[in-house]
Amino acid sequence: MTISVGDIAPAFSLKNQFGETVTLSDYLDKSAVALVFFPLAFSGICTGELCELRDNITAFIEDDVQVIGISVDSHFAQRAFAEHEGYEFPMLADFWPHGEVARAYGVFLEEAGIANRATFLIGKDGRVASTIVTEPGVARDLSAYRDALASL
């Protein structure tokens, strides 16, 4: 079951694209977080969605929100993806145990072995302020992010 607005966001520790272990609290100590789960690096819809976030990152910065991408790819794949597409936000590897964080947030698709497209906007208090979840194969709309940012 997907976590809901008002729930405490599950804590986690994962490697970023540089192989450094980071925690959700590392980011929440500084700002709100938009935790953006996506199925796989370098796939078409995922690339399009993350490029749209990259191109509109100012909206998040102005609202003091750190965008964080997360998928089941390794941190090596995350680094190559980030460098290839020019993503300057953190990219986290939910690689091992495979999909553990996606499972904690209720968005792991067991039959496919990947995370669904889901975004959790988490306030500095650690509570989920807004969610954006789509069906597999359906991109998130940028206007949904604008609405989510307005909820903070």
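Rounded if a/c is under 1.5, else prolate if a/b is larger than b/c, else oblate: which is the stretch 66-107, with a ≥ b ≥ c the root eigenvalues of its Cα gyration tensor? Before the final figure, lay out the partial values.
On the way: a/c = 3.33, a/b = 1.65, b/c = 2.03.
Note, shape of the stretch 66-107 comes out oblate.
Quick check on the chain: of the DSSP beta bridges with both residues there, what percent are antiparallel, nearest 5%?
On the way: 18 of 27 bridges.
DSSP beta bridges in the chain are roughly 65 percent antiparallel.
Rounded to a whole number, what is D in µm²/s for the stretch 71-151 from Stokes-Einstein with the Kirkwood radius over alpha-carbon pairs (20 °C, 1.002 mPa s)? It would help to have the intermediate numbers written out before the result.
Working: Rh = 14.0 Å.
Rounded, D is 153 µm²/s.
Assign one of three labels to the stretch 1-71, namely rounded, prolate or oblate, based on the Cα gyration tensor with a ≥ b ≥ c the square roots of its eigenvalues; rounded applies when a/c is under 1.5, prolate when it is not and a/b is larger than b/c, and oblate otherwise.
Numbers: a/c = 1.35, a/b = 1.21, b/c = 1.12.
Rounded, since a/c falls under 1.5.
Starting from the amide H of A9, placed 1.01 Å from N in the peptide plane, find each other amide H under 5 Å away whose residue is 5 or more places distant or on another chain.
R127, V128
So which GluC sites (Glu not before Pro) in the stretch 1-76 end up in coil per DSSP with only 11 or fewer other C-beta atoms within 10 Å? Each step should come with its number before you reach the end.
On the way: sites: E20, E49, E52, E62; in loops: E20.
Answer by residue number: E20.
What is the Cα convex hull volume of the chain when expressed per residue in Å³?
In the chain, the Cα convex hull volume per residue is 95 Å³.
Top mean-square fluctuation among S43, S130, S31, Gaussian network model of the chain, C-alpha springs under 10 Å?
S43
Could you work out the helix-only [θ] at 222 nm for the chain, with each DSSP H run of four or more residues adding -39,500 (n - 2.57) and the total divided by the number of residues, to the nearest 500 deg cm²/dmol?
The helix contribution divided over the chain gives -8500 deg cm²/dmol.
Taken together, the values in this text are just the output of simple stated rules run on the coordinates, not laboratory data. Predicted, not measured: the structure shown is a model, and the values here were computed from it. Using ideal geometry, Cβ is built from the backbone for each residue, glycine included, and neighbour counts are taken over all protein chains shown.
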